[in-house]
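Trainee: One structure coming up, written as structure tokens, with questions to follow.
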Amino acid sequence: MPNQNNDCQTCGKCDKNAREKNSVRNGMPLHTILVYSENISGLLSQITAVFTRRQVNIETLNVCASSTPGVHKYTITCYCDTEMAEMLKKQMEKRIDVLQANYFTDDQIYIQETALFKLSTPAILENNRISKVIRIHDAKIVEVNPTYSIVEKTGLTEEILSLFDSLTELECILQFVRSGRIAVTKSRIEKLDEYIQLREKKHAQIMEQ
Amino acid sequence: MKERITGAEALMRSLVNEGVKTIFGYPGGAIMPVFDALYDYRDRLNHILVRHEQGATHAAQGFARVSGEVGCCIVTSGPGATNTITGIADAMIDSTPMVVICGQVGVSMLGTDAFQEVDVVGITSPISKWNFQIRRAEDVAWAVSRAFYIAKSGRPGPVVLDFAKNAQTGMVEYEPAKVDFIRSYDPDPQPSDEAIKLAARMIDDSVKPFVLVGQGVELGNAQNELREFLEKAQIPAGCTLLGLSALPTDHPLNMGMLGMHGNLGPNVMTNQCDLLIAIGMRFDDRVTGNLNTYAKQAKIIHFDIDPSEFDKNVKVDLPVLGNCKTTLAAVSKLISPAKHNSWIQGFQPYAEKEYNKVIEKAIHPTQGPLLMGEVVRKVSEAANNEAVLVTDVGQNQMFGCRYFKFTKPRSVVTSGGCGTMGFGLPAAIGATFGVPERTVCLFVGDGGLQMTIQELGTIMEQGCPVKIILLNNNFLGNVRQWQAMFFNHRYSFTPMANPDYEKIAEAYGIPAHTVIDRQDLDDSIRVMLDTPGPYLLQCAVMEEDNVLPMTPPGADVDKMMLEIKE
Ligand SMILES: Cc1ncc(C[n+]2csc(CCOP(=O)(O)OP(=O)(O)O)c2C)c(N)n1
């Protein structure tokens, strides 16, 4: 169970503790791996197989089209040491249709997650602490009807889990879902663009020959 | 208007475009349109009907390994495809270029558990370099060209094309395709000048350099570059199992074979050199033994075309990425001529020790039953040390690789990373098609022969001139040796009752002879080599012989056992 002792009223502080707990597990740092591939079917299972074969659990996974046309972006998190992250990177890049894989620690990227909470409306009406908790956590109520209400929270894992814990205590959750992490790098250099430019140059050379 | 042809015929044209001349295959329902098209291409595409699809893959591997070309197989869906799995996995780990085309049910039936439908793409994706399901006739030309490009470029490997039946029968305006660039795949990475310079400096600074030669040298056709490199700086070298023929056995700088059953000198000196230079090899556990004590005293340079090999098993000080044909030549230019006399002489005592304790007994026994080692060395010499060595897996493989001698490149065909029993016979068949002008000698055990013995039918039909040397010890010898050494001589299911192999050969019309006595050996070998076409020479070898020396699994590379203490 996530941090039960969190008193959400003072979560400004406990977030930090929770965050430290979340960024390391069994002495292994949480790595975020950003993978770019051509848009070809069957790649997802090839990518996840790289992790399973090396006994690394994927914590979260998000796949979507990237800003580069025809290129898919995978955001994957897992706990592993740097050597393993490097191995995973190389093994993924070895797959023919993977363009690039790079791994990051939390300080190198801007990260976000989204969660949806489906709450019981009668419970909310009965206990005014629930609305308070939602407000304190800076979550948004996006739907209300007499049966249920939907609350949306965007933030870091810890922030979302802290809200989850508080709402669990208040016994009002009907459903909960949390998205995989999404991330963009803080670097000023776009590695993928560099790579693609390099490859295009090589293509031009081959065409000349 | 362009001519419209079926997807099956588009496959034929695409194969011809890729320069394919030989195909190993087996027909079946879901690939029948392709075999029908093949019927009209018999003048250009020599299809060899094997007796089991696993045989097709190993034959394609044998063909590829000796010729340097891409091996090609065509099989049907379902069980036809699953029968190729062992060969695909074997080709993957041994970096053998191969394209396997298998039939698949029509697209409309995919996912319905249709007759002979198997998720081939799903099954083969972890064991193939690339795979693709061809769902439309329009994709045939592109997919075939991409398949061959991927199979043979960079670090070679197997590619699987899963060819849906509707795409075989569908019509297409055929246009040849040529894939020679894939954005996400760089098979020819540009070597870094800095790495080359640094490598040269490290080599110049080294007093005790030692080279590990892997199959990458053969795959990159860098045998000459390797020799120039070694000779210029007088660097001694050891070869991996798959790298054995990259350097002639008797080259003065060739110190022998690496690994568990390799030679004493190169294994011991791995832990004494000050610079270890690995070329196109992957630090397999059968080569390194205990990684915690492996070459800890040395700086390590690793030449490889596959960046994922760097630091995978052994942390290296300097990776040199690129085709070793280019990188070796570049480094050779920069290094200064050197001698390393006393370092090289340091190998000598180990060679002598191994000769006295192991080799002499193995190849020049004077009494007792025939030994695998003597048979291998005699065959090698009788063929002028110019033959292609094919082995199966087990003691026959280790004795074969230890005592066969090589003077020509691309002369060793053996299942290294996978250790696939049953590889030998079909691989030897493939080799006879890859280099028809050369003598192909197969050493195989009584266990391994029976795993793919049905390919005698292929040999019979094609007249493949495979010289089969059956080293019969009535045991699954290699496992028996381990049971003797590590399981207290408890021979759990390793003794084996054998059939009359001469009669089997006779049934297939293959001339055969059995040698029991040492004095018959030379003549029998001569007769085998002088008989045109296939031949089975059964040698009744010592039942409980052991391959030595040996580094027990997980032991330190320099702690080889020269004898087994009872
Ligand atoms: C397909 C397969 N099954 C099992 C093994 C395990 N194995 C390795 S060597 C060996 C014994 C081989 O016996 P034989 O073919 O008679 O050759 P020998 O060692 O006696 O030369 C076995 C069973 C294997 N390598 N491959």
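Trainee: Averaged across the residues of A:94-103, what count of C-beta atoms belonging to other chains lies within 10 Å of each residue's C-beta? Intermediate values should be presented prior to the final figure.
Mentor: Values: counts 8, 5, 14, 5, 2, 3, 1, 0, 0, 0.
Average neighbour count from other chains, rounded to a whole number: 4.
Trainee: For the range B:148-200, compute Rg over Rh where Rg is the Cα radius of gyration and Rh is the Kirkwood radius from the inverse mean 1/r over Cα pairs.
Mentor: Values: Rg = 18.1 Å, Rh = 14.9 Å.
Computed over Cα atoms, the ratio is 1.22.
Trainee: Something else about it: Which entries of B:Lys232/B:Lys408; A:Lys202/B:Lys197; B:Lys21/B:Lys312 have Cα-Cα distances beyond 32 Å here? Show your work: numbers first, answer last.
Mentor: Working: B:Lys232/B:Lys408 21 Å; A:Lys202/B:Lys197 24 Å; B:Lys21/B:Lys312 37 Å.
Flagged as over cut-off: B:Lys21/B:Lys312.
Trainee: So how much accessible area does A:Met28 have, in Å² to the nearest 10, using a 1.4 Å probe?
Mentor: 70
Trainee: Continuing with this model, one more query. In peptide A:193-202, what is the residue-averaged number of other protein chain Cβ atoms found within 10 Å of each Cβ?
Mentor: On the way: counts 0, 0, 3, 2, 0, 2, 6, 2, 0, 5.
Going residue by residue through A:193-202 and averaging, the value is 2.
Trainee: Give the A-B buried accessible area in Å², both sides summed, 1.4 Å probe, nearest 100. Before the final figure, lay out the partial values.
Mentor: Details: alone 12750 and 22460 Å², together 33220 Å².
Using a 1.4 Å probe on protein heavy atoms, the buried area is about 2000 Å².
Trainee: Using only the alpha-carbon atoms, what does the range A:36-113 span along each of its principal axes? Please give whole angstrom values in decreasing order.
Mentor: The Cα atoms of the range A:36-113 stretch 32, 28, 17 Å along their principal axes.
Trainee: Let me ask another. Could you tell me what fraction of 2.2 N^0.38 Å the Cα radius of gyration of the range B:369-540 comes to, as a two-decimal ratio? Please list the in-between numbers first.
Mentor: Numbers: Rg = 15.0 Å, N = 172, 2.2 N^0.38 = 15.6 Å.
Dividing the Cα radius of gyration by 2.2 N^0.38 Å gives 0.97.
Trainee: Given a 1.4 angstrom probe, I'd like the percentage of the accessible area of chain A that is carbon and sulfur, rounded to a whole number. It would help to have the intermediate numbers written out before the result.
Mentor: Details: 5950 of 11730 Å².
Carbon and sulfur atoms account for 51 percent of the accessible area of chain A.
Trainee: For the range B:296-445, what's the radius of gyration and Dmax over Cα atoms, in angstrom?
Mentor: Expressed in Å, the Cα Rg and Dmax of the range B:296-445 come to 19.2, 54.
Trainee: Rank these residues by their accessible area, most exposed first, probe 1.4 Å: B:Glu352, B:Glu437. Mind dumping the intermediate values first?
Mentor: On the way: B:Glu352 100, B:Glu437 140 Å².
Order by accessible area, largest first: B:Glu437, B:Glu352.
Trainee: I've got another one for you. So which aspartates and glutamates pass the test for A:Lys90, namely a Cα distance under 15 Å, with those fewer than 8 places away in the same chain ruled out?
Mentor: A:Asp81, B:Asp186, B:Asp304, B:Asp306, B:Glu309, B:Asp311
Trainee: Once the Cα atoms of the range B:379-446 are picked out, what are the Rg and Dmax in Å?
Mentor: So, for the range B:379-446, Rg and Dmax equal 10.9, 30 Å respectively.
Trainee: log₁₀ I(q)/I(0) of chain B at q = 0.05, 0.08, 0.09, 0.10 Å⁻¹, via Debye over equal Cα point scatterers, no solvent, to two decimals?
Mentor: The calculated log intensity ratios at q = 0.05, 0.08, 0.09, 0.10 Å⁻¹ are -0.21, -0.55, -0.69, -0.84.
Trainee: Which order do B:Glu225, B:Glu175 take when ranked by solvent-accessible area (1.4 Å probe, heavy atoms of all protein chains), largest first?
Mentor: Values: B:Glu225 35, B:Glu175 105 Å².
Solvent-accessible surface, decreasing: B:Glu175, B:Glu225.
Trainee: Report the paramagnetic label zone for B:Met109: residues of the range B:67-102 whose backbone N is under 17 Å from a point 7 Å from Cα along the Cα-to-Cβ axis.
Mentor: B:75-82, B:102
Trainee: Let me ask something else. Mind checking which lysines have their C-alpha under 21 Å from A:Lys153, skipping anything on the same chain fewer than 8 residues away?
Mentor: Once the sequence-local lysines are set aside, what remains near A:Lys153 is A:Lys13, A:Lys16, A:Lys21, A:Lys118, A:Lys132, A:Lys140.
Trainee: In peptide B:186-193, what is the residue-averaged number of other protein chain Cβ atoms found within 10 Å of each Cβ? Can you show the working numbers first?
Mentor: Numbers: counts 5, 1, 2, 0, 2, 0, 0, 0.
Mean shielding count: 1.
Trainee: Something else now. Could you state the principal axis extents of the C-alpha atoms in the range A:111-178, from the largest down, to the nearest angstrom?
Mentor: Reported extents, whole Å, longest axis first: 34, 19, 17.
Trainee: Could you calculate the FRET efficiency of A:Val177 with B:Val179 from 1/(1 + (r/R0)^6), where r is the beta carbon distance between them and R0 is 41 Å, rounded to 0.05?
Mentor: That gives a FRET efficiency of 0.45.
Trainee: Now, a different point. In percent, what relative contact order does chain B have, based on Cα pairs under 8 Å that are 6 or more apart in sequence? Intermediate values should be presented prior to the final figure.
Mentor: Details: 1335 pairs, mean separation 82.7, N = 566.
In percent, rounded to a whole number, it is 15.
Trainee: Still on this structure: Dividing the convex hull volume of the Cα atoms of the protein assembly as shown by its residue count, what figure in Å³ per residue is obtained?
Mentor: Details: hull volume 159.2 nm³, N = 775.
Considering the Cα atoms of the protein assembly as shown, their hull volume per residue is 205 Å³.
Trainee: Ignoring solvent entirely, what values of log10 I(q)/I(0) come out of the Debye formula for the range B:4-173 at 0.08, 0.18, 0.20 Å⁻¹ when each Cα is a single scatterer?
Mentor: -0.19, -1.05, -1.34
Trainee: A further question follows. Over chain A, what is the mean sequence separation of C-alpha contacts under 8 Å (at least six apart), divided by residue count, expressed as relative contact order in percent? Write out the running numbers ahead of the final one.
Mentor: Working: 322 pairs, mean separation 51.4, N = 209.
Taking the mean separation of contacting Cα pairs over the length of chain A, I get 25 percent.
Trainee: Which value, in Å² and to the nearest 10, is the accessible area of B:Tyr355 when all protein chains are kept and the probe is 1.4 Å?
Mentor: The value for B:Tyr355 is about 80 Å².
Trainee: To continue, here is another question. Let me check the size of the range B:193-348 from its C-alpha atoms; what are the radius of gyration and Dmax in Å?
Mentor: According to the Cα coordinates of the range B:193-348, Rg and Dmax are 13.6, 37 Å.
Trainee: Excluding residues on the same chain fewer than 8 positions from B:Lys405, give the lysines whose Cα lies under 22 Å from its Cα.
Mentor: B:Lys353, B:Lys357, B:Lys361, B:Lys378, B:Lys467
Trainee: Please list the three semi-axes, largest first and in whole Å, of the ellipsoid equivalent to chain A, using sqrt of 5 times the eigenvalues of its alpha carbon gyration tensor. If you can, show how the numbers build up before the last one.
Mentor: Numbers: eigenvalues 312, 71, 43 Å².
Over the Cα atoms of chain A, the ellipsoid semi-axes are 39, 19, 15 Å.
Trainee: In what sequence, largest accessible area first, do A:Glu190, A:Glu171 appear using a 1.4 Å probe? Write out the running numbers ahead of the final one.
Mentor: Details: A:Glu190 100, A:Glu171 155 Å².
Greatest to least solvent exposure: A:Glu171, A:Glu190.
The values are calculated or read from the model by the stated rules, or taken from the named source; none is laboratory data. All of these numbers come straight from a predicted model, not from anything done at the bench. Every residue, glycine among them, receives a Cβ derived from its backbone with ideal geometry; neighbour counts consider all protein chains shown. The accessibility values were calculated without ligands, DNA or RNA, using every heavy atom of the protein model including side chains. Shrake-Rupley method; radii C 1.70, N 1.55, O 1.52, S 1.80 Å.
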